[in-house]
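Following: one structure in structure tokens, then a few remarks.
The values are calculated or read from the model by the stated rules, or taken from the named source; none is laboratory data. All values derive from a computational prediction rather than experimental measurement. Every residue, glycine as well, gets a Cβ built from its backbone with ideal geometry; the counts of neighbours run over all protein chains shown. Accessible surface areas use protein heavy atoms only, side chains included; no ligands, DNA or RNA. Shrake-Rupley method; radii C 1.70, N 1.55, O 1.52, S 1.80 Å.
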Amino acid sequence: MLLKRIRAADAASVAVIGLAKNAGKTTVLNHLVAECAAAGLSVGLVSVGVDGEKADAWTGRAKPPVRAPAGTLAAVAAYALAECRARYTVLERLKATVPFGDTLLVRLEEAGELKLAGTPTTADVRRAFARFRAHGAALCLADGAYDRMAAAAPEVSAGCVLVAGASLHPAMDEVVRRVREAVARLALPEAPPELARWAEAAGSGAAVLGRADGTVRTLGRPGEPLEAQRAALCAALRDGFRRVCLAGALTARVWGMLDDGQPLDLVVRDPTRVFLPYDALRRLHRRGVRLWVRRGVRLCAVAANPVSPDGWRFDADAFLDALAAAAWGLPVVDVVAGKERVADGGTSPVVSR
């Protein structure tokens, strides 16, 4: 059922992102791999962290393995590949990693269990995805490290599945609230064409500002903290520059410099670079700040796991219903129970129109 949603989104590469440790990412990953095998589709696998280890490095709790059929492609660090008991063929070296040896691209010659590691950066994931496609993978899957959204960035993955597990909090209402926040942030809208063209052509810097008369001003250099340009930024806002394109992240500190109580068109590279809580995003919206992204994240689905390894569980159907009502119209699936919900979620109050 999850593969159907990914195909509907026309996503050839997907990041599986969890909102907490033990949310159920590996279960979702295994389900997707099994669905692809049943459909005759080849798969490429990477992990931004480590996935498929026998025990959690922090808690010591047993973890499910990554199960892969014959023909699966994987990018794996040499030390992790040593734990693979299935026959495999090394197709190429992706990069040298220290201290764990090379990261290798392999093809499983028989079904087996994998420990995924060796692609910790977005550049590593992009490189692995490109090589998977060159070797014929129909779908590339990235296991995103706990509470890291970088693998969902549009320049990395074409789609994203958000995994919401009971491990996030013992109270179901709190889990639902946090999912609503995450979905609203990830679903921030792309800038309209005229604004997108301006952001693309505005040049580079820590920030680029525009005024109604067409004047453009660049502050700082790419990679430079915007805080270093605080005085110039405040002066430009007072001088009528009400269009701002940020090169870096939108954090509470950056917003504190931009917040002068006046309407503003604010453009950020993509939703994974927005680090404001949901309530802050809603306050921006109410105050006339229109927040856009240059490239949006394509959310394919929310995956629900009603069981926490810490000993509590939610009613599975009630959890599905509550998440569907909070997910702004996204499909919510329970891959273990084989159930799906889609509700009329309406429009997130932080979406600019």
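Quick one: Cα centre-to-centre distance for the range 117-162 and the range 329-343, in angstrom?
For the range 117-162 versus the range 329-343, the Cα centre distance is 23 Å.
Would you mind estimating how fast the range 117-188 diffuses translationally, via Stokes-Einstein at 4 °C and 1.567 mPa s with the Kirkwood radius over Cα pairs, in µm²/s?
93 µm²/s
Hey, what number do you get for the chain at 222 nm if only DSSP H runs of n ≥ 4 count, each worth -39500 (n - 2.57), divided across all residues, to the nearest 500?
-8000 deg cm²/dmol
Divide, for the range 262-352, the radius of gyration over alpha carbons by 2.2 N^0.38 Å, where N is the residue count.
Normalised Rg, Cα atoms only: 1.33.
Any idea what % of Cα-Cα pairs in the range 74-121 are farther than 11 Å?
Value for the range 74-121: 62 percent of Cα pairs lie more than 11 Å apart.
Quick one: compute a quarter of the convex hull surface over the Cα atoms of the range 162-218 and quote it in nm².
Here the figure is 6.1 nm², rounded to one decimal.
Could you work out the equivalent-ellipsoid semi-axes for the range 186-330, taking the square root of 5 times each eigenvalue of the Cα gyration tensor, largest first, in whole Å?
Ellipsoid semi-axes (Å, largest first): 36, 16, 14.
May I ask you to give the solvent-accessible area per residue for the chain, in square angstrom, as obtained with a 1.4 angstrom probe?
So the chain comes to 43 Å² accessible per residue, rounded to a whole number.
What's the percent breakdown of Cα-Cα distances in the range 166-265 across 5 Å bins, shortest bin first?
Each 5 Å bin holds this share of Cα pairs: 2, 11, 19, 19, 16, 10, 7, 7, 5, 2, 0.
Counting only chymotrypsin sites (Phe, Trp or Tyr not before Pro) that sit in a DSSP loop (anything but H, G, I, E, B) with at most 16 other Cβ atoms within 10 Å, what is the longest stretch of the chain containing none of them?
147-274
Based on Cα positions only, what radius of gyration and what Dmax would you give for the chain, in angstroms?
When restricted to Cα atoms, the chain yields Rg and Dmax of 21.5, 66 Å.
In nm, what is the difference between 0.36 nm times the number of residues separating C234 and V90 and their Cα-Cα distance?
46.3 nm is the gain from fully extending C234 to V90.
Compute the acute angle (0 to 90°) between the alpha-carbon long axis of helix 316-326 and the principal axis of greatest extent of the alpha-carbon atoms of the chain; round to the nearest 10°.
Helix 316-326 sits roughly 20 degrees off the main axis of the chain.
Once the principal axes of the Cα atoms of the range 111-247 are found, what is the range along each, listed largest first in whole angstroms?
Extents along the principal axes: 63, 45, 30 Å.
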